[in-house]
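The values are calculated or read from the model by the stated rules, or taken from the named source; none is laboratory data. Quick caveat, the model's predicted, so the values are computed rather than measured. Here the Cβ positions follow ideal geometry from the backbone for every residue, glycine too, while neighbour counts run over all protein chains shown.
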Amino acid sequence: MTTTEKYKKDSIESFIQTCYADGQKNNASSFQFDSANDIIYFLSNNADSKQQLIHYIDMKSDNKSPTPLFKYVDPNVPLSIEAQLQRERQRVMDDGITQYSFNKSTQTFIVPIGNNIHQIDSNRQVKEIPGSAYLQTLSSDSKLVAFVSENNIWVTDIGSGVKHQLTFSNGKHVKNGDIGFVYAEEFSRYTGYWWSPKVERDSNGNDVYSIFYIREDETKVREFLVSESNYKGGVTTYKYPLAGDENSVVSCHLIRFHIANNQITINNTDLFDLKSQFPWMEYIVRANFTPDGANVWAQLVDRNQQHLALVLIPLDKFTPTPVPLAVLVEEKSDYWVNVVDLIYFCKKTANQLIWSSESSGYRHLYLISWDPATLTITEKRPITQASASDANWLVHGDKLFVDEDKKFVYFIANKETPLEAHLYVASYAPNNDPTKISRLTKPNFYHSSIEVSDNFTRFVATCSNITTPLQAHVYKLEYNGSNDFPTTSSFFQIVCHQPEPKSAPLKHLVPENFTFKNSHGVTLYGQVIKPENFNPETKYPTVLYVYGGPHVQIVRNQYEWASSRSLYARLGFIVVMIDNMGSTNRGIEFEGKLRCKMGTLEINDQVEGLEYLMNQSKVPIDRNRIAITGWSYGGYLSLMGIAQRPDFFKIAISGAPVTLWESYNTGYTERYMGVPKDNVKGYEISNVSHYIDNFPSEENRLIIIHGLQDENVHFAGTQVLLEQLTTHQKPYILKLLVKERHSIRNMDTRIYIESHNIKHLLKNL
């Protein structure tokens, strides 16, 4: 039965449900190796469960089937508001267990289940630990678990079960160890405290622990009210600084404490205001202890996010009285500094770190050394570097794996093509050749997740390409000589339990990738999904699916599972996606084209890509029947598309759009647009309202969708646009998702809105 026949037989809603069910495959994620016992742990679903749980495979065994670590019981309780918002910030869409901590020395796990903390011991026994599961972390010796509750850091002694409060907030809007919206959403910093890796012993034999934490004072940050989805008129209040507003004020603090006879003794030290030495500082975007526990470090960024410093703070200088601090790295950019997690402080050489930088135009790795006595930099040299023949590749991802004995660093990069991500290895030994690196993963795949074992004999990679669904494989790393890069051999595939299919599998619609040069001579990448039973002699209505903003790449050599894009193609539309100038993984100059003028370049690239396909007769697109759709920044560009080129796009479907940049937060908006008072003209031409007169006057050409609980891109911005559309007599269709935030989580809501959009396109495009 073809898709068209099935659609005629079934309702559009049941067809969409079938498509999503067909694409819901259980896959493994969140891998951790236990190298000593040759076991790999990961999260996955059981065949009969929608809840994720921890599985493991004993790699010594012939049986490589995933086994549940323990019997999981769904607590069936609503998540706390803190946990809900944490999942929003981290884009976690799964249910059940979504994270876990594993201590290899004690063989114990700490797992948040519902709103509570649970320990799984070496005998697989499950024990609930008093305390909140929000931002829970283990001490280095696994005897204590810390968590955040009501703006303060607490610890629970796992042995006794006694909770102790470590910090005492001195204001309703002062967070100790917690994180505000901007840090979590825009800088991907998901905690505000860090354990020391070292546990000391005092003269009385007590274990002394240290926690470094950031206090975030949001007292002067704007309060934003979001109406609750009920008839009682309630509102939820969020601290949310709009572009140009005051940000939270951050400060650094150190706790030392010990517990004896269930009594805690605390010594809390405040660090002097870092602005006394770094007056330009606005944000603390990363922080932690060095591996020896002798220092803490912090990455500082200015308000415009064009100036970054990595500062080392020895514990003996952690005082309220200002003292000079060493700056290990300082960078400035005419565009912006992208904050990433690619930093590694060496454990065996205490005065070395591996740093990633876009100073060359493309992110690469560098070894930085300093004199431990004077803290002055003695060396900075590249570990990776482009050669003349392949200049435009870069390191990305969020992890480095460093073998300090062999002086190898394992990293993710796109050396072969921007459409793929692979695991590579490079040497940082003295006299290394930074252009010499070795790819360890199989070609022609996009590797979305990689984890290397701590003894560097195994790695696991999840990968797919446009024809192959997502898979997880474990590989062996084999060494032929002390100075030679390892080679890779396949070990086994992790085959997760799959649910019984409820219908025959749908035919996979294989995307086709293409490239073209825009009017600036820049090569851009795109992708086309053709309808089932495609006829090259037929002109097809076309849906342009767009994101287009910085930090995101949508065109990759990756499997396309059940999504709105494949739904459109299954119902007779050609679907096109293009990564315009400003998207990620092409270098800072490419991404930086949007600096101070978002929304003014992207649509030109998108239109030129479609024109290329039509002019080259690559794809039979009916140029009179083209729709543009997207979500978030893609929703913004959908509005810009129909407003800037109403002659080209017949219909726009805009989901959760930013409509004016003054209505979005400081961290994101000012990184790309600057502070509003410094870029008045740029904000004006980047706001949708600038083009209000160009919106079409015909009915059924504009759909706007927004979740009323969206605490990220507020509905208030959409309200401003709706008022302007009304004033200018521009018709629109508004779909409100009453209980949804920025991401649609409820499947009934998803089916409802997809059904509405598809029916509208089938009728009007």
* Structure fact -> Counting only residues that are of a type in the set (A, V, I, L, M) and at pLDDT 95 or above, segment 507-528 contains a total of 3
* Asked: Quick check: anything in segment 723-736 of a type in the set (Phe, Trp, Tyr), surrounded by 16 or more Cβ atoms within 10 Å (Cβ to Cβ) and out of contact with any Pro (no Cβ under 8 Å at 6 or more places or on another chain)?
  -> yes
* Structure fact -> Going through segment 496-551 in order, the residues found to be under 30 Å from Pro657 (Cβ atoms), of a type in the set (D, E, K, R) and part of a loop (DSSP other than H, G, I, E, B) are Lys530, Lys539
* Asked: Is it fair to say Tyr134 is aromatic (Phe, Trp, Tyr), modelled with pLDDT under 95 and either in a loop (DSSP other than H, G, I, E, B) or surrounded by 20 or more Cβ atoms within 10 Å (Cβ to Cβ) (or both)?
  -> yes
* Structure fact -> Exception for Asn624 within (1) more than 30 Å from His307 (Cβ to Cβ); (2) within 21 Å of the chain's Cα centre (by Cα); (3) surrounded by fewer than 23 Cβ atoms within 10 Å (Cβ to Cβ) falls at (2)
* Quick one: Gly717 ticks every box in (1) over 29 Å from Gly609 (Cα atoms); (2) of a type in the set (Gly, Ala, Ser); (3) in contact with a Lys or Arg (Cβ under 9 Å, 6 or more places away or on another chain) bar one, so which box is it? -> (3)
* **Considering residues of segment 214-258 that are assigned to a loop (DSSP other than H, G, I, E, B) and among the β-branched types (Val, Ile, Thr) only, the residue farthest from Leu660 (Cα to Cα)** => Thr219
* To do: Within segment 284-299, count every residue that is in contact with a helix residue (DSSP H, G or I) (Cβ under 9 Å, 6 or more places away or on another chain), within 22 Å of Thr378 (Cβ to Cβ) and crowded, with 17+ Cβ neighbours inside 10 Å.
  => 3
* Does Leu477 satisfy the condition of being touching a Pro at 6+ places or on another chain (Cβ under 7 Å) and either β-branched (Val, Ile, Thr) or surrounded by 13 or more Cβ atoms within 10 Å (Cβ to Cβ) (or both)? -> yes
* Asked: Among the residues of segment 600-612, is there at least one that is part of a loop (DSSP other than H, G, I, E, B) and either at pLDDT 95 or above or under 26 Å from Lys507 (Cα atoms) (or both)?
  -> yes
* Sole exception among (1) without any contact (Cβ under 8 Å) to a residue 60 or more places away in the chain; (2) out of contact with any helix residue (DSSP H, G or I) (no Cβ under 8 Å at 6 or more places or on another chain); (3) surrounded by 21 or more Cβ atoms within 10 Å (Cβ to Cβ); (4) hydroxyl-bearing (Ser, Thr, Tyr) for Ser583, by number -> (2)
* Structure fact -> Residues of segment 368-388 being assigned to a loop (DSSP other than H, G, I, E, B) and among the small types (Gly, Ala, Ser), in sequence order, are Ala373, Ala386, Ala388
* Go through segment 482-495 residue by residue and tally those that are part of a strand (DSSP E or B) and closer than 30 Å to Ala21 by Cα. => 3
* Structure fact -> Picked from segment 26-84 (must be farther than 23 Å from Phe456 by Cβ and acidic (Asp, Glu)), the residue surrounded by the fewest Cβ atoms within 10 Å (Cβ to Cβ) is Asp62
* To do: Provide a single number: the residues in segment 326-336 that are touching a residue at least 40 places away in the same chain (Cβ under 8 Å) and either crowded, with 19+ Cβ neighbours inside 10 Å or in a strand (DSSP E or B) (or both).
  => 4
* Asked: Name the residues in segment 559-584 that are modelled with pLDDT of 95 or more and not acidic (Asp, Glu), would you?
  -> Phe573, Ile574, Val575, Val576, Met577, Ile578, Asn580, Met581, Gly582, Ser583, Thr584
* **Pick from segment 220-260, criterion within 15 Å of Ile179 (Cβ to Cβ) and among the aromatic types (Phe, Trp, Tyr), ranking: farthest from the chain's Cα centre (by Cα)** => Tyr238
* To do: May I ask you to say which residue of Arg671, Arg645 is over 25 Å from the mean Cα position of the chain (by Cα), of a type in the set (D, E, K, R) and farther than 25 Å from Val738 by Cβ?
  => Arg645
* Starting from residues that are modelled with pLDDT under 95 and under 17 Å from Ser210 (Cβ atoms), keep the ones in segment 140-161 and report whichever is surrounded by the most Cβ atoms within 10 Å (Cβ to Cβ). => Ser142
* Structure fact -> All-but-one check, Asn431 against (1) surrounded by fewer than 17 Cβ atoms within 10 Å (Cβ to Cβ); (2) at pLDDT 95 or above; (3) polar (S, T, N, Q), failing number (2)
* Structure fact -> Of the residues in segment 164-175, those that are outside any loop (DSSP other than H, G, I, E, B) and over 29 Å from His551 (Cβ atoms) come to His164, Gln165, Val174
* Structure fact -> Output for Cβ contacts, cut-off 8 Å, separation at least six or different chains, first residue in contact (Cβ under 8 Å) with a residue 40 or more places away in the chain in segment 148-169, second basic (Lys, Arg) and part of a loop (DSSP other than H, G, I, E, B), reads Asp157/Lys143
* Give the residue that is modelled with the lowest pLDDT, with candidates limited to residues of segment 224-237 that are in contact with an Asp or Glu (Cβ under 8 Å, 6 or more places away or on another chain) and surrounded by fewer than 18 Cβ atoms within 10 Å (Cβ to Cβ). => Gly234
* Answer yes if at least one residue in segment 302-312 is farther than 30 Å from His714 by Cα, in a strand (DSSP E or B) and in contact with an Asp or Glu (Cβ under 8 Å, 6 or more places away or on another chain), and no otherwise. => yes
* To do: Scan segment 302-310 and give yes if some residue there is within 22 Å of Cys346 (Cβ to Cβ), of a type in the set (A, V, I, L, M, F, W, C), touching a Phe, Trp or Tyr at 6+ places or on another chain (Cβ under 7 Å) and surrounded by fewer than 21 Cβ atoms within 10 Å (Cβ to Cβ), otherwise no.
  => yes
* To do: For segment 162-173, name all the residues that are loosely packed, with under 13 Cβ neighbours inside 10 Å and basic (Lys, Arg).
  => Lys172
